[in-house]
1. Among Arg164, Arg98, which is within 22 Å of Asp63 (Cβ to Cβ) and more than 17 Å from the chain's Cα centre (by Cα)?
2. Which of the residues belonging to region 100-119 are closer than 25 Å to Ile148 by Cβ and surrounded by 21 or more Cβ atoms within 10 Å (Cβ to Cβ)?
3. Could you list all residues from region 167-185 that are more than 15 Å from the chain's Cα centre (by Cα), assigned to a loop (DSSP other than H, G, I, E, B) and of a type in the set (Gly, Ala, Ser)?
4. Looking at region 143-173, which of its residues are buried (at least 16 other Cβ atoms within 10 Å of the Cβ) and among the hydrophobic types (A, V, I, L, M, F, W, C)?
5. For residues that are outside any loop (DSSP other than H, G, I, E, B) and over 15 Å from Leu9 (Cβ atoms), tally how many sit in region 194-207.
6. Kindly indicate whether Phe124 is assigned to a helix (DSSP H, G or I), at pLDDT 95 or above and at negative phi.
7. Residues Asp174, Asp131: which one is free of Cβ contacts under 8 Å to residues at least 60 places away in the same chain, of a type outside the set (A, V, I, L, M) and either touching a strand residue (DSSP E or B) at 6+ places or on another chain (Cβ under 6 Å) or within 17 Å of Gly111 (Cβ to Cβ) (or both)?
8. Considering only region 53-71, how many residues are surrounded by 15 or more Cβ atoms within 10 Å (Cβ to Cβ) and assigned to a helix (DSSP H, G or I)?
Amino acid sequence: MALIAPSVLSANFLQLSADIKMINESAADWFHLDVMDGRFVPNISFGLPVIAAIKREANKTLDVHLMIEEPGKFAEEFKNAGADILSVHIEACPHLHRNLQQIKALGMKAGVAINPHTPVQQMFDVLHDIDVVCMMSVNPGFGGQKFIEYTLEKIKQLKAEIIRRGTQTLIEIDGGVTLANAATIIAAGADVLVAGNTVFSSPDPAETIQQLKNL
């Protein structure tokens, strides 16, 4: 059974407290929080104050996905804001091992996010240090995009290496996850599904989360 991480980026920010309450009371496992700086990706989302506010009301894991340049400069601040898992992009980290060690030393689980064009083989040598691989199945920066089908092959490649090395790394899929394709994504080897528009555009978001959880 996959973990479900609704993406707060798709929530209604005029009623964010109500949406947090809905996730708290639903079958969801994590809150997925996308932080964008307008430099690494062509969009700006939210930052530390919003995450700190969510932390005060959330009763589940805060899974923070940094789509920013130089993420090492801010790791401690995100820990202080309430991040439980902190994912940095491999493309933004020329010294990825150092970033992973920093995140772990701060007491968070360490995640590595990877863009659609980046081969999964680039992270194999540090796989034993990675708790979560956040595999982008759309181009990062905007919600509502269509799932890139080749991602399924990347999931299978990564899963095989995780098994071969005997690590406990989770594979998280972020982008274009729907009720129609979620079962196929899980079958390929995914452990965590990020769902934004699929959840928050639903007439019954909690029921949609439950349907994803039941797959």
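The values are calculated or read from the model by the stated rules, or taken from the named source; none is laboratory data. A quick note: this is a predicted structure, and the numbers were derived from the prediction, not measured. Don't worry about glycine lacking a Cβ; one is built from the backbone with ideal geometry, like all the others, and counts go over all protein chains shown.
1. Numbers: Arg164 fails: within 22 Å of Asp63 (Cβ to Cβ).
On inspection, the qualifying residue turns out to be Arg98.
2. First pass over region 100-119, keeping only residues closer than 25 Å to Ile148 by Cβ: 110-119.
Hits for region 100-119 are Ala110, Gly111, Val112, Ala113, Ile114.
3. Once the filter is applied, which keeps residues that are more than 15 Å from the chain's Cα centre (by Cα), assigned to a loop (DSSP other than H, G, I, E, B) and of a type in the set (Gly, Ala, Ser), region 167-185 yields only Ala180.
4. Scanning region 143-173 gives Phe147, Ile148, Leu152, Ile155, Leu158, Ile162, Leu170, Ile171, Ile173.
5. Of the residues in region 194-207, the ones outside any loop (DSSP other than H, G, I, E, B) are 194-195, 197-200, 205-207.
Still in the running and over 15 Å from Leu9 (Cβ atoms): 206-207.
Number satisfying all stated conditions: 2.
6. Yes; evaluated as a whole, the condition is true for this residue.
7. Details: Asp174 fails: free of Cβ contacts under 8 Å to residues at least 60 places away in the same chain.
Going through Asp174, Asp131 in turn, just one is free of Cβ contacts under 8 Å to residues at least 60 places away in the same chain, of a type outside the set (A, V, I, L, M) and either touching a strand residue (DSSP E or B) at 6+ places or on another chain (Cβ under 6 Å) or within 17 Å of Gly111 (Cβ to Cβ) (or both): Asp131.
8. 4
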